[in-house]
Amino acid sequence: MSPHQPNQDRPIATGEGRSPDIFLFLAALLLLFWGLGTRGLWGSEGRWAEVTREMFLTGDFLHPTIGGEPYFDKPLLSYWLIAAITAVTGILNEWVARLPSAVSGFLTIWATRDIGGRLWSAEIGRLAAWILLTTYGFLFWSRTAAADMENVAAIIIAVAWYWSQRDNPGFRSFLIFYLILALGALTKGLTAVVVPIIVIFPDILREKRWRMLFKASHWAALALGLGVYLAPFCYASFTRPDYQASGFGMVVRENIVRYFKPFDHKQPFYIYLYELPLLLLPWSPLFIAATAGIGRAWKSLDEKTRWLVESIALIFLFFTLSGSRRGYYILPILPFCTLLTAIFTIRPRPNANQTLDLWALGIQKTLMFVLVAANLLVPLMLPIMRVWMGFSAPVMLYVACLTIGLSGLVFGRLAYKATAVSNYLPGQPLVQAMLVMAMLTVGGYFCWQQNTLDALRTERPFALELQKELVGLPPYRMAIYPRTDAKLCYYLDVAQPLHILDRPEAVQNFLDEEKPGVLIMQRRHAADLPFQIQAELDGMRQFREKQQPWESKSSGGEKWVAYFYEVTGQ
């Protein structure tokens, strides 16, 4: 988006410019792994931790369960990766559960750098990787225990492998490509197969490259890749005929049926028009400007940049046409979007709209300063929030905000002025300064501020304290209503699944037994029980999850409470 040095289209030179790459990958290690296991599990993270815990409890690694009930919503590999780390370290905790996602994020950075350097220039590859590394959506999901970042890594690595072997097709090239697809599909689903194929499809059509698909070596590699993918599902179905869930059946349901006839996640068709810019924050202004400049610059684009634009359009269309949509489904598009942003930021373009470029850089610069200024203003706002809503922030939050804000100002200014920075960061001085500010603010939030705020969450402390209360109580007298909860089961760490009471009648039967026990539920579910059961529960000893003063009354319904049924006179 600004005049830059000419001759930026040279390929990667082996051994050239290693320092910038080393700095990039060191920064990636820092932002992806620092404080990775500090926060308690949230949302769906509990599924991966609890499925793995129950695998070790039962010794069955082919038939995933949560609370003893079949749970094959995702394929096995994402659980196996956590299990493998646990087997090596002897530990299963938040850090272990999130480690595969963080490693996948690192591999995604590497593959993005490789594609950019191979197709355009080393500087474009580095800038794309830096932008990706400092986007909200990428860091959020790279530091989350789930299969989403593993899916993204498989897709971008498959595309990187295609471009590295594009002019040298053979059995080895085909086989590794299909093995990458198979492993990706074994983490989250068939998206890891479909997206790489539609991405490379435009290039295969050019110059009749599709003819290589008729080679015997291609079909042999495809058969082996398909065999690797199907093997876990087949073996799981043969070894446990009584298991009440089909892994391959769930693949069909969660990928094909959901795509054409969605049964949930029915978001509007335009959801990705606003979710994609949110995932790309804080770099959305540059990406939007790059997208807006495509039409004007189309005739001057080289073949590979046209392929990139086509790939982004096809990925966006693929996810938009699906009947089932959620904001993070479109995560695989992020590396391609950052590549396009890097190209339009670095390379000079004939007939470029200078007004658009200046506006984009101006908005981007303003946004970066807003992020820095927000960190400096937060410590001023926290005392007011304490008076108005009772929000008591940890002292470390004050320290984190001031440190990040001041560092953003100081180091951003230094990056803009110091010529030596160009030895480590790509782009013009303004872009380099914004990269530093993004690394400090976005990275600082995930690595420091978010972990500090986690001390205010109450679910993990509740579960760990409740675990102590359950000592000596037989597992069959531990019950949960009306369904199991993966996070709670993981933190309670009981030797057997909690007894699930799915109806009020089952709750009454449990209470009618003259044996000590505990009944766990969220407060909103307790309020829905018949009056006579509520009255009986109110007379029991209760262990409640704390509700913070600033939390709304409605959020109290999500809090946990344990009712202890204690038989007297025994």
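Quick notes
- Of all residues in the stretch 382-423 being under 20 Å from VAL442 (Cα atoms) and of a type in the set (Ser, Thr, Tyr), the one that is surrounded by the fewest Cβ atoms within 10 Å (Cβ to Cβ): THR403
- Unmet requirement for TYR491, which otherwise passes all of (1) within 30 Å of ARG347 (Cβ to Cβ); (2) in contact with a Lys or Arg (Cβ under 9 Å, 6 or more places away or on another chain); (3) of a type in the set (Phe, Trp, Tyr): (1)
For (1) at pLDDT 95 or above; (2) over 29 Å from LEU107 (Cα atoms); (3) not aliphatic (A, V, I, L, M), each residue gets a yes or a no:
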site	(1), (2), (3)
LEU331	yes, no, no
THR338	yes, no, yes
PHE344	no, no, yes
ARG349	no, yes, yes
LEU358	no, yes, no
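- In summary, HIS499 fulfils each of the numbered conditions (1) farther than 17 Å from LEU537 by Cα; (2) touching a residue at least 40 places away in the same chain (Cβ under 8 Å); (3) surrounded by 16 or more Cβ atoms within 10 Å (Cβ to Cβ) with the single exception of condition (2).
- Restricting the search to strands (runs of 3 or more DSSP E) fully inside the stretch 477-570 and requiring at least 3 residues that are under 24 Å from VAL51 (Cα atoms) gives 478-480, 517-522, 560-565.
- ILE124 outside any loop (DSSP other than H, G, I, E, B), over 17 Å from the mean Cα position of the chain (by Cα), assigned by TED's automatic domain parsing to the domain that holds TYR329 and within 28 Å of LEU26 (Cα to Cα): yes
- Segments classed as helices (runs of 4 or more DSSP H), wholly inside the stretch 205-313, with at least 3 members that are closer than 18 Å to LEU190 by Cα: 216-239, 247-251
- When ALA153, ALA145 are checked against the criterion of being in the same structural domain as SER311 (by TED's automatic domain parsing), under 27 Å from ASN451 (Cα atoms) and not in a helix (DSSP H, G or I), ALA145 stands alone in meeting it.
- Scanning the stretch 203-228 for residues that are buried (at least 16 other Cβ atoms within 10 Å of the Cβ) and within 15 Å of ASP167 (Cα to Cα) returns ASP203, ILE204, HIS218.
- When every residue of the stretch 363-373 is checked against the conditions, none turns out to be buried (at least 19 other Cβ atoms within 10 Å of the Cβ), at pLDDT 95 or above and closer than 30 Å to ASN255 by Cβ.
- Among the residues making up the stretch 526-542, a single one is surrounded by 18 or more Cβ atoms within 10 Å (Cβ to Cβ) and either among the hydroxyl-bearing types (Ser, Thr, Tyr) or under 36 Å from the mean Cα position of the chain (by Cα) (or both): ALA526.
- Residue among TYR490, TYR445, TYR476 that alone is touching a strand residue (DSSP E or B) at 6+ places or on another chain (Cβ under 8 Å) and either at pLDDT 95 or above or not basic (Lys, Arg) (or both): TYR476
- Criterion (within 22 Å of the chain's Cα centre (by Cα) and either among the hydrophobic types (A, V, I, L, M, F, W, C) or modelled with pLDDT under 95 (or both)) met by exactly one of MET434, MET439: MET439
- Filtered residues of the stretch 425-457 (kept if surrounded by fewer than 17 Cβ atoms within 10 Å (Cβ to Cβ) and not in a helix (DSSP H, G or I)): ARG457
The values are calculated or read from the model by the stated rules, or taken from the named source; none is laboratory data. Just so we're clear, the structure is a prediction, and the values are computed from it rather than from any experiment. Cβ atoms come from the backbone with ideal geometry, glycine included; neighbour counts cover every protein chain shown.
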